[in-house]
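Data first, discussion second: the structure below is written as structure tokens.
The values are calculated or read from the model by the stated rules, or taken from the named source; none is laboratory data. This one's a predicted model, so the numbers in the text were calculated from it and none came from an experiment. All Cβ positions, even for glycine, are placed from backbone atoms using ideal geometry, and neighbour counts span all protein chains on display. Quick note on the areas: whole protein, heavy atoms, side chains included, nothing else; ligands and nucleic acids left out. Shrake-Rupley method; radii C 1.70, N 1.55, O 1.52, S 1.80 Å.
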Amino acid sequence: MSGTFVGMPAFPVAAHDAVHNQTLRGNLRHATHTIRAKRAKAVAEVSDWAALREAGKQIKDHTLRHLDRYLVQVEEAVTAAGGTVHWAADADEANRIVVQLVKETGESEVVKVKSMATQEIGLNEALEAEGIRAYETDLAELIVQLGHDRPSHILVPAIHRNRGEIRDIFTREMSEWGRPAPDGLTDTPAELAEAARLHLREKFLRAKVGVSGANFMIAETGTLVVVESEGNGRMCLTLPETLISVVGIEKILPTWQDLEVFLQTLPRSSTAERMNPYTSMWTGTTDEDGPQTFHLVLLGNGRTDTLADEVGRQALRCIRCSACLNVCPVYERAGGHAYGSVYPGPIGAILSPQLRGTASDIDASLPYASSLCGACYEVCPVAIDIPEVLVHLRERIVEGGEVVREGNKVVLKPAKGHAAERAAMRAARWAFAHPGALRTGQRLASRTRRFHPRTLPGPGKAWSDSRDLPTLPPEPFRDWWQRTNGGKDGAK
């Protein structure tokens, strides 16, 4: 299993297989509809939601504009509080740092809080290659790990599994990882949760090293924040002797006051809760309270390249709430695995191609994994205009152009397979720039309308197989306008 999903097919291929899986589609439809209905109700309770949304956007944009200054401030604050800061330019460097830190403790196992950043870099696989076993403690992540599976949702990684499948995984796999599942385990939620609790309890009490991410970092104090719903995070963050946190550089907030905005918007947008059950915060180390050694690994891994893109950088506002996934008609039918990334759904369609580049088939296809309906933008608590970025990335793939890769400006060549699209766009641009030619073409198209095919030939057939070609009117609009004096003559 690869945390970076290397080798996945392009989205259209993966999605084609996924949409024919009726069990998967049923699981996704039930889960996403339930979550988004609860979210809508929770958000409707807040009279100033629009103002909170705009505040979150402004805070994030301000931080990204001054990220260099706030990163230095975080390093100074964490160091002053007794922690150690490490800088990782990419996934390989981050993995080397964490592996070395664990080895220095002499331990061969770690417990983990749910972390998108560590999944992004494939940390579990890197640890396993060095003989270190990582135990996921979030319930959904545990299900994914025991099932030798991949996460398919940002908030609920096992959303593609139903209760019967989870029971079978627990029964079959728990004994290989620690305490076995109870005899006669059923698929009732209470029994499944209890089986997970008993299985994880011994790991919490035994582990000397914890690994986490963070939802937010407060620059003025060096405080890290994790919000969660199960309590497993609190156990991982307080019981081990050593804590290692791998955090993307975009997770910074300037002040404590800024955190107040996101502690209102994140729970309602993600779990539809007014307040998340567990909010854990830690600042460096404290004698005889919590981990005695704390390491913060600040992760770049494509984020500075993304920051250089004036349109695409808004993806770095993301607070990983998953609201966009739950309203997306494409995600609901294709599922998360089809995106070939730890970040699925609409946010993954714009974030992954920027973090990883568009050289692979899967990354070049992700900006097209959308209907551009705009539902994702409407629910985003930090107002990321995902459709705008999708169109921006499509243009980059088709036309090529200058981008930043690993801190250097490079020129991308136009992607293969888009020659006809580029030719059509150039022809359209020329026609709109020459009104006489456009007028002649419109009249010709109207007069020959009865001969027009119902479906497109060649490469266009795939498009028209699922869509009706628009019917041309009997005459162009400008001819109608002239003939009827702008409709004043009452003629039709």
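Look at where the Cα atoms of the range 444-485 and of the range 154-217 average out, and the two centres are 57 Å apart. Sites listed here are trypsin sites (Lys or Arg not before Pro) in the range 363-419 whose DSSP assignment is loop and whose Cβ has at most 16 other Cβ atoms within 10 Å: Lys416. Estimated from helical segments only, the mean residue ellipticity of the chain at 222 nm is -15000 deg cm²/dmol, where each DSSP H run of four or more residues counts as -39500 (n - 2.57).
Counting only Cα atoms, the range 314-472 measures 53, 37, 28 Å along its principal axes, largest extent leading. For a test of the definition: using alpha carbon positions, the gyration tensor, and the 1.5 limit on a/c, classify the range 415-492 as rounded, prolate or oblate. Verdict is oblate for the range 415-492.
Normalised by 2.2 N^0.38 Å, where N is the number of residues, the C-alpha radius of gyration of the range 246-387 stands at 1.17.
Phi angles of the range 380-393 translate, via the Karplus equation with coefficients 6.51, -1.76, 1.60 and θ = phi - 60°, into HN-Hα couplings of 5, x, 10, 6, 6, 7, 4, x, 4, 5, 4, 5, 4, 6 Hz per residue; Gly and Pro are given as x. Straight-distance candidates among the lysines for linking to Lys112, with alpha-carbon spacing under 18 Å and chain neighbours fewer than 8 residues away dropped: Lys103, Lys203, Lys208. In the context of the full set of protein chains, the range 186-294 has a per residue accessible area of 39 Å² (1.4 Å probe). Across every pair of non-identical alpha carbons in the range 29-69, the mean reciprocal distance, once inverted, gives a Kirkwood radius of 12.4 Å.
Using a cutoff of 8 angstrom between alpha carbon atoms and counting only pairs six or more residues apart, the relative contact order for the range 241-363 works out to 26 percent. Near Thr471, within a Cβ-to-Cβ distance under 11 Å, what is the net charge of the other residues, with Lys and Arg +1 and Asp and Glu -1? Result for the local shell: +2. Computed from the Cβ-Cβ distance with R0 of 22 Å, the FRET efficiency linking Asp361 to Ala129 stands at 0.25. With both labels modelled 7 Å from their Cα along Cα-to-Cβ, the Arg478 to His452 distance reads 1.8 nm. Backbone amide hydrogens, once placed in the peptide plane, bring His86 within less than 5 Å of Leu296, Val297, Leu298, excluding anything fewer than 5 places away on its chain. Electrostatic tally near Gly460: other residues with Cβ closer than 14 Å to its Cβ, Lys and Arg +1, Asp and Glu -1, net 0. When the alpha carbon gyration tensor of the chain is reduced to an equivalent ellipsoid, the three semi-axes, largest first, read 46, 26, 22 Å. If you roll a 1.4 Å probe over the chain with all protein chains in place, what percent of the accessible area is carbon or sulfur? The computed percentage sits at 53.
Note that the range 447-455 has calculated 3J(HN,Hα) couplings of 6, 10, 4, 6, 9, 6, x, 7, 10 Hz, one per residue in order, obtained from phi through the Karplus relation 6.51 cos²θ - 1.76 cosθ + 1.60 (θ = phi - 60°); glycine and proline are x.
Note on Lys60: lysines with a C-alpha under 16 Å away, same-chain residues under 8 apart excluded, are Lys251. Peptides 175-187, 372-384, 96-108 ranked from most to least packed, by the mean per-residue count of other Cβ atoms within 10 Å: 372-384, 96-108, 175-187.
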